[in-house]
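Inspection log for the structure reproduced underneath, given as structure tokens.
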Number of protein chains: 4
Amino acid sequence: MMLTGVIPPVCTPMTPEHEVDATSLVRLIDHLLEGGVDGLFVLGSSSEVAYLTDAQRALVLETVVGHVGGRVPVLAGVIDMTTPRVLEHARAARAAGADALVATAPFYTRTHPTEIRTHFRILADRGGLPVYAYDLPVSVHTKLTADLLLDLAADGALAGLKDSSGDDGAMRQVILGRPAGFSVLTGSEITVDSALAMGADGVVPGLGNVDPHGYVRLTSAAARGDAAAAKEEQERLVRLFQIVRVGGSRMGGSSAGLGAFKAALCLRGVIDHPTTALPQIPLNADETRRIEKLLAAAGLL
Amino acid sequence: MMLTGVIPPVCTPMTPEHEVDATSLVRLIDHLLEGGVDGLFVLGSSSEVAYLTDAQRALVLETVVGHVGGRVPVLAGVIDMTTPRVLEHARAARAAGADALVATAPFYTRTHPTEIRTHFRILADRGGLPVYAYDLPVSVHTKLTADLLLDLAADGALAGLKDSSGDDGAMRQVILGRPAGFSVLTGSEITVDSALAMGADGVVPGLGNVDPHGYVRLTSAAARGDAAAAKEEQERLVRLFQIVRVGGSRMGGSSAGLGAFKAALCLRGVIDHPTTALPQIPLNADETRRIEKLLAAAGLL
Amino acid sequence: MMLTGVIPPVCTPMTPEHEVDATSLVRLIDHLLEGGVDGLFVLGSSSEVAYLTDAQRALVLETVVGHVGGRVPVLAGVIDMTTPRVLEHARAARAAGADALVATAPFYTRTHPTEIRTHFRILADRGGLPVYAYDLPVSVHTKLTADLLLDLAADGALAGLKDSSGDDGAMRQVILGRPAGFSVLTGSEITVDSALAMGADGVVPGLGNVDPHGYVRLTSAAARGDAAAAKEEQERLVRLFQIVRVGGSRMGGSSAGLGAFKAALCLRGVIDHPTTALPQIPLNADETRRIEKLLAAAGLL
Amino acid sequence: MMLTGVIPPVCTPMTPEHEVDATSLVRLIDHLLEGGVDGLFVLGSSSEVAYLTDAQRALVLETVVGHVGGRVPVLAGVIDMTTPRVLEHARAARAAGADALVATAPFYTRTHPTEIRTHFRILADRGGLPVYAYDLPVSVHTKLTADLLLDLAADGALAGLKDSSGDDGAMRQVILGRPAGFSVLTGSEITVDSALAMGADGVVPGLGNVDPHGYVRLTSAAARGDAAAAKEEQERLVRLFQIVRVGGSRMGGSSAGLGAFKAALCLRGVIDHPTTALPQIPLNADETRRIEKLLAAAGLL
């Protein structure tokens, strides 16, 4: 399995009581599949994985794997602080039928490149599924260097990379140095056309929850060599991506970003509630109206 | 319950197979109680909480609470990324009979002061036990400000603070501004005499695993107003604390620090194995010999 | 003047005694002009501006402006901690005949977005030349946000941006939101093709000292719409850019990067000495040989 | 010369036109000397050194050295990015008659411990005056480690340390490991009693501009072994130190802190204008009133 195309990190709809809203989740999956996506990434940062209890993580995974029924690959985030805890999540993901694991470097602990290598190697050995490295320095506070990733790619410990570092230059060094079959996926919403032009295989855009069709059009245009069309679609999506800044400085970046995606999904009729997990701050009515305007401007209402 | 005195963050002894070594753990508890400590903090950073699976966390907590049998208070770390996951750990801690909870600000997510306030308030409301804030910016990547802590202290959401920020000036602002009954505990190993002189109520030193008698002598000297004796004891412990730097730059800070504590506990005959959790790097024979020399110099062998 | 094309940040050759080597500097300018560059940026980070005394800065500026004689625009870095000191450098640059100023946000001080705005506005008012904002968070420890840059662009305080942040997504937001005539220059060596495809106007690559012809071919290919040729040239330059990692972890990033550029310029016969300013660590013979091999592989020897 | 006691970092009074107000500066020096201080540190962060042009730096230094006339030692900050630029400032300081230099690690550049060692060694060799290391990670973005400082102390490159890192534990390791004659000065305003109890030789408090008598009483009490009196004085000064938080989040930390010191000096009648250098944000009338209340509460009006 060499992952390519659009693989959105699936939002986790919630009820106003902060329980997983499985009905909305199924509708969201249908919305994404109907949009033409090539895979699904559940239990990533955009899924609010950091906020989900283990029982909620299991419910999400089972709901998605069950509903997808093998139509597209399902990647499962196994986000936790260190190897033993990540291995527990890997066990659950494998049991639920996920196709691959997505793991970060250790966090919370004060770690070291040698330890990060060991971490991914153990996960590859014992996890029972292909492992994608998740480079997200804004959360993990460590950057996965090209050297480290290429070492792990060369010895087969990693099947690929989800690069959410925003450092496309470093990603390009991985693209140029990687062995055959190693999949590079950008986590960017706004440099997808250029990442694909550099040789990235696919995209994992949080904004793809809101507009999967847009990202599918973008990757399709890139695949057929129509750079102008890819760019035009990308620029529309860059403008739409302003929804994540509506929350501004009165809340954290997670509240603003995830709240915007969920508000947009509500406004588009895909999910029932814009609720985000605690202790995030909800968007207010005025902010929601501004998101509505940006959706309209992007042709999505 | 107003916590005071020496409350070591209890190391978690492990077998060479990386399972919890309950026999050694019980011996460690006896070593600490015999040393005269006033409480025990389990499942903190020095306990390798970030590396323990939930089952291992439960085993540690039950072993300690059961063996202590109420002789001293047992605080339980509930270390996880956000409120819902922390609440799960709080439930387990309450069920196991812990006396209080120790929680950090949210991490991994991009958070905000208002969200941190909400986080602690929800934990206070629903956790069922007194809550201590754990300020550990090196892991959490957020500093809990004096203003935020004093607000939460004033409305009763927090019972106290474990300050491992290394910023004694900020801690002092909390000490001077706090309401009666709010307990301030320093997590420092090497500024305990001055923290107590400032008005801190107690100390949670990782090095207290290795030398509980030393910290008890130090706090006792401070309590009876013998600043010179407290300083002398503290300076001996500052020299002993060099053990955490023996691992140097070939490993992460957690490997070096926790590995040193466990190596010292082995050398002192308290626990059976110096094993640390994966993916930490073990100390080698030469490094262990250097730790042995520092123990000897401190009069501990 | 709307800057476009290749505008290399000119290295400052030095004698073994750490004085400016004006003879080599003139040869370097000839090498760059012969390579077809569209402008020159002196006294930037790649010029070791942080290491040059004011007298050396003046000598560099006069040498370059004098030798260029108006054939291409010369931009002058005015790198210092705050507005009053930057204004002094601006005065010197104007007197020496520079065409534009390049300034960072304040550093060393603990600053604020409002203060950064004021800083650039004062510099625009009193500097007497067009001002380019220099976004270099690795040195300045502040990221210039798209919002801040677009505000300053809208009221005419800034003529353009040199973006060395590595965050091409953020740069794209500036490109899409900027007023007409606002020049966006990427400081990246390795994502130039994609930056140009996004709409950037030019490139300021340190590696352009070593291979100006390569960057000119790359921008020319992009300008005539030959994305495949641009990409091929870029990928060759990405491989060449490995020279900056030869120094590895035994020195700082500035020593490794600037030392590599100068070693390559020596090996190519452009400058006389690979000397970098104090307290940088020189590359050794083995490292220089590895740079020689990378130059040969790139067809530059 | 082994520095001890109270050595305030002298504020630089300015006219409303942002020129050095030498008349006020002389009055400030008299205020400090009359307060009983043991030395003066000019051209440090509290002096707004980052904002002063070289001509202003020279004027400040000459004014202070001339007015002091040898009554107490005058230390001169030589704050700049790298060794060559720092050496220029050292030359000026020596020419003006300063008694010692205070220098940070290199900043703006991407540096390395070996380079930092070289930097201080060159400065010691060529600076012509005793060198104090200035540890200020909030500005310099590097922490000077105890190992590095003790190496430089052992080979005589450093005469002492001004520790403004806020990490009193690390400072203590320097105190315990230093050779005879190496002076350790804390830059903290609020942990002076404990720093002195640990063995620090003196204090360089920005707040000492406002209340030199308070810091002199504090160090005198500590020197005669009256810990209770030292603590009481310190706690009054901790409360007074709240003035630096009055500016809050609408400005940078430098604006808030330096603005508060200058506002307080105006309110006490020592200097004529509260003006801070550009691009700092001035405190408004309401904020000035809050500072006035804190001064009154501290018994200073």
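Lys and Arg at +1, Asp and Glu at -1: add these up for the other residues within a Cβ distance under 12 Å of B:T109 and post the number.
-1
Accessible area drop of at least 30 Å² (1.4 Å probe, protein heavy atoms): which residues of segment B:38-54 qualify, relative to the chain alone?
Residues passing the criterion (a loss of at least 30 Å², heavy atoms only) are B:A50, B:Y51, B:T53, B:D54.
Considering the rotation that carries chain C onto chain A, locate the chain C residue whose Cβ comes closest to its axis and report the distance in whole Å.
With distances in whole Å, chain C gives C:S194, 2.
What FRET efficiency do you get for D:R239 and D:L33 if R0 is 30 Å and r is their Cβ-Cβ distance, rounded to the nearest 0.05?
Efficiency computed from Cβ-Cβ geometry: 0.70.
Return the calculated 222 nm mean residue ellipticity for chain B, to the nearest 500 deg cm²/dmol, obtained by summing -39500 (n - 2.57) across DSSP H runs with n ≥ 4 and dividing by the residue count.
Mean residue ellipticity at 222 nm (helix-derived): -14500 deg cm²/dmol.
Given points 7 Å out from each Cα along the Cα-Cβ axis, report the A:T15 to D:T23 separation in nanometres with one decimal.
Simple spin-label model gives 7.6 nm for this pair.
Would you please classify the overall shape of segment A:128-263 from the alpha carbon gyration tensor, given that a ≥ b ≥ c denote the square roots of the eigenvalues, rounded means a/c under 1.5, and beyond that prolate means a/b larger than b/c while oblate covers the rest?
oblate
D:V68: net charge of surrounding residues, Cβ under 13 Å, Lys/Arg +1, Asp/Glu -1, itself excluded?
Value of the local net charge: -4.
Taking a ≥ b ≥ c as the square roots of the Cα gyration tensor eigenvalues, with a/c under 1.5 meaning rounded and otherwise prolate when a/b beats b/c, else oblate, which class fits segment D:56-121?
Here segment D:56-121 falls in the prolate category.
Just add up the charged neighbours of A:A260: K/R +1, D/E -1, any other residue whose Cβ is under 15 Å from the Cβ of A:A260.
+3
Leaving out ligands and nucleic acids, note down the accessible area per residue over chain C with a 1.4 angstrom probe, in whole Å².
32
Which whole DSSP H helices in chain B pass both tests: a Cα extent of 15 Å or more along the axis and a mean Kyte-Doolittle value no lower than -1.0?
Flagged H segments are B:22-34, B:54-68, B:83-96, B:113-126, B:212-223, B:227-240, B:253-267, B:285-297.
Does any residue of segment B:181-209 lose at least 50 Å² of accessible area with all protein chains in place compared with its chain alone, and if so which ones (probe 1.4 Å)?
B:I190
Give the residue list of trypsin sites (Lys or Arg not before Pro) in segment B:117-182 that are DSSP loop and have at most 15 other beta-carbon atoms within 10 angstrom.
B:K143
Can you give the relative contact order of segment A:197-255 as a percent, counting alpha carbon pairs under 8 Å and 6+ residues apart?
Reported as a whole number, the value is 23 percent.
Tell me the carbon and sulfur percent of the accessible area for segment B:5-230, rounded to whole percent, probe radius 1.4 Å.
Within segment B:5-230, the accessible surface is 53 percent carbon and sulfur.
Taking the Cα centre of segment C:5-230 as the origin, how large is its charge dipole in debye, to the nearest 20, when only Lys and Arg (+1) and Asp and Glu (-1) carry charge on their Cβ atoms?
It comes to approximately 460 debye.
What residues qualify as long-range amide H neighbours of D:V102, i.e. H under 5 Å apart, gap of 5 or more or another chain, H built at 1.01 Å from N?
Answer set, sorted by chain and number: D:A76, D:G77, D:V78, D:Y132.
Distance in nm between label sites at B:K143 and C:R224, each 7 Å beyond Cα in the beta-carbon direction?
Taking the simple label geometry, B:K143 and C:R224 are separated by 5.7 nm.
Please give the total accessible area that chains B and A bury against each other, computed with a 1.4 Å probe and expressed in Å² to the nearest 100.
About 3800 Å² of accessible surface is lost on pairing.
Suppose each label sits 7 Å from its Cα in the direction of the beta carbon; what would the D:A95-B:R289 distance come out to in nanometres?
5.7
Rounded if a/c is under 1.5, else prolate if a/b beats b/c, else oblate: with a ≥ b ≥ c from the C-alpha gyration tensor eigenvalues square-rooted, which is segment C:5-230?
Oblate, because a/c is 1.5 or more while a/b does not exceed b/c.
Could you list which residues have their amide H under 5 Å from that of A:S183, counting only those 5 or more apart in sequence or on another chain, with H placed in the peptide plane?
A:G160, A:L161
Hey, for B:R289 with labels 7 Å out along Cα-Cβ, what do the inter-copy distances come to in nm, ordered shortest first?
Copy-to-copy label distances at B:R289, shortest first: 3.5, 7.2, 7.6 nm.
May I ask you to evaluate 6.51 cos²θ - 1.76 cosθ + 1.60, the Karplus curve with θ = phi - 60°, for each residue of segment A:182-193 and list the ³J(HN,Hα) values in order in whole Hz, giving x for glycine and proline?
With coefficients 6.51, -1.76 and 1.60, one gets 7, 8, 10, 10, 8, x, 6, 8, 10, 10, 5, 4 Hz.
For chain C, calculate the relative contact order in percent as a whole number, restricting contacts to Cα pairs under 8 Å that are 6 or more residues apart.
19
Set the Förster distance to 56 Å, then compute FRET efficiency between D:D272 and C:R71 from the Cβ-Cβ distance, nearest 0.05.
Efficiency at R0 = 56 Å is approximately 0.60.
Report, for the protein assembly as shown, the % of DSSP beta bridges that are antiparallel, rounded to 5.
Once the DSSP bridges in the protein assembly as shown are tallied, antiparallel ones form about 5 percent.
Could you grab the relative contact order for segment A:128-177? Cα pairs under 8 Å, six or more apart, rounded to a whole percent.
Dividing the mean separation by the residue count of segment A:128-177 yields 46 percent.
Note every residue of segment C:56-84 with a reduction of at least 20 square angstrom in accessible area, all protein chains present versus the isolated chain, computed with a 1.4 Å probe, or write none.
Output list: C:I79, C:M81, C:T82, C:T83, C:P84.
The values are calculated or read from the model by the stated rules, or taken from the named source; none is laboratory data. Just so it is clear, the structure is predicted and the values come from calculations on it, not from any experiment. As a convention, Cβ positions derive from the backbone with ideal geometry for all residues, glycine included, and neighbour counts pool all protein chains shown. Ligands, DNA and RNA are stripped out before the accessible areas are found, and what is left, the full protein with its side chains, is counted by its heavy atoms. Shrake-Rupley method; radii C 1.70, N 1.55, O 1.52, S 1.80 Å.
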